[in-house]
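The next block holds one structure in the form of structure tokens; read it before the comments.
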Amino acid sequence: MNRALRRPDAVLVQAVIAGALSFAHLHDLAAAAGQSGWKAWAYPVSVDLLLVAAWRRLRAGRDGASWTWFTIALAASLGANIATAGLLDLDHVPAWLRILVAGWPALAFLGGTLLVHTPALATAPEETGPESEPAASEVELHRTDIAPVPAPASAPAELDPAPAKPPAPVPTVPAALVDHARSIAESHRKTTGEPITTDALTARLGLPAPTCQAIAAQLELT
């Protein structure tokens, strides 16, 4: 926190410099226009207060009149800065400028009063629709009085029976292959004392399953 206080803010320094120069220019212009003493110091305060009041009203999102008074105060401040830059002979101020300087207090008072005391335009609140709820409830009430008519149940469509799959063709097994399989089955019976199974015969022959099943059917194996 101490570091933040020690570090100068460039924007704040710039604002102080601009305010001091503008304040001095307004004082010099008012003094050249015949406003001497404390009156010359009151003019910069009046211009800056009107400028601040218009800016605050703009920030609050008020009506467009604040732009008018903001422009008037800004023109007065910029006009004093330009006039004291050597473009105007402060020893011989024209009569119209003396009239503007003399009439500024009344104009600033009118602008400040309108900016501060004029009520803002109240925005109409959005209708949330609580009044429409009774109507909706009445509609629902009338709807509940009437018994709902059940929708007629549609009869299920009769499905056509799926066509029967044609039986798989039985592969033709050569007689020599059947004899070879029979010899394997007999050898298995002699060795183990049990008949050979279809899976064991398929493993011994190493042929496709449909062919081995056809051979097992001929040999009446399980």
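The values are calculated or read from the model by the stated rules, or taken from the named source; none is laboratory data. None of these values were measured; they are calculated from a predicted model. Here the Cβ is made from the backbone with ideal geometry for all residues, glycine too, and neighbour counts use every protein chain on show. Protein only, heavy atoms only, side chains kept; ligands, DNA and RNA dropped before computing areas. Shrake-Rupley method; radii C 1.70, N 1.55, O 1.52, S 1.80 Å.
For the range 4-20, a residue qualifies if it is open to solvent by 100 Å² or more (accessible area, probe 1.4 Å) and modelled with pLDDT of 80 or more, and the qualifying residues are Val11, Leu12, Gln14.
The set of residues in the range 46-57 that are open to solvent by less than 70 Å² (accessible area, probe 1.4 Å), out of contact with any Gly (no Cβ under 9 Å at 6 or more places or on another chain) and under 15 Å from Leu114 (Cβ atoms) comprises Leu51, Arg57.
Per-residue answers, yes or no, for (1) of a type in the set (A, V, I, L, M, F, W, C); (2) at pLDDT below 85; (3) surrounded by 13 or more Cβ atoms within 10 Å (Cβ to Cβ); (4) closer than 25 Å to Leu21 by Cβ:
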position	(1), (2), (3), (4)
Pro44	no, no, yes, yes
Arg59	no, yes, no, yes
Leu97	yes, yes, yes, yes
Val116	yes, yes, no, no
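Number of residues in the range 25-41 that are in contact (Cβ under 8 Å) with a residue 60 or more places away in the chain and surrounded by 14 or more Cβ atoms within 10 Å (Cβ to Cβ) equals 6.
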